[in-house]
């Protein structure tokens, strides 16, 4: 009787794919590739010293996160800077996140409150810009920003909704970094403080309104348009 063995190099290939994926993701987020730039598997394979199969697997993961596009008969590319693209992402977030935030405020316990306060404290104390990272938001601030927004929603207790948030967040992260060039004087500190205060006060209406305005201002900064919401 013959036995089919699992390929002995599968773990090694998986590790290589993970390394190339992390390299591509970081390079795109750093702005090493301009919007619309082609991501050529052959060049990446040569640069990273891996096979085309490993590179394609990593590229598919990057596409799945919204940080690259797979173009019919044209390979892979960094997303083009399209106002419509980022507006659609913002519209999806404005439709989903306020609803999840309301659920989180309703269901969140004292431990959730403590996590929200801690996440906001870290965000407020993390510099948004550092000289070595140029005009883009710093990596540390970007991560603290993500953690704060996700922590606000974690009280909902619904993993499917949180997974949806994760995908939308990653898809919008590149656009958010671009916004550093368009609206450098934005009051992020005040916006996030109002979000924290409303959530911990269990004021779901105000929290949802503040979040919608926050997301709308991001979209407006990216398109150069004035927000269509009014101050509460």
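For this structure, a couple of remarks:
- Dimensions (Å) - the range 101-212, Cα atoms, principal axes, largest first: 40, 26, 23
- Rg/Rg_ref, the range 5-142, where Rg_ref = 2.2 N^0.38 Å and atoms are Cα: 1.35
- Per residue, the chain reaches -22000 deg cm²/dmol at 222 nm when only DSSP H runs of four or more residues are counted, each adding -39500 (n - 2.57).
- Extent along the principal axes, Cα only, for the range 10-77: 32, 27, 22 Å, with the longest axis given first.
- Degrees between helix 188-200 axis and first principal axis of the chain (Cα, 0 to 90, nearest 10): 70
- From the C-alpha gyration tensor of the chain, square roots of 5λ in Å: 35, 22, 16
- Spread over its residues, the convex hull of the C-alpha atoms of the range 63-117 is 126 Å³ per residue.
- Axis angle, to the nearest 10 degrees, between helix 139-154 and the longest C-alpha principal axis of the chain: 60 degrees.
All of the numbers you see were taken from the coordinates with simple rules; none came from a lab. What you see is a predicted model; the values in this text were computed from it and never measured.
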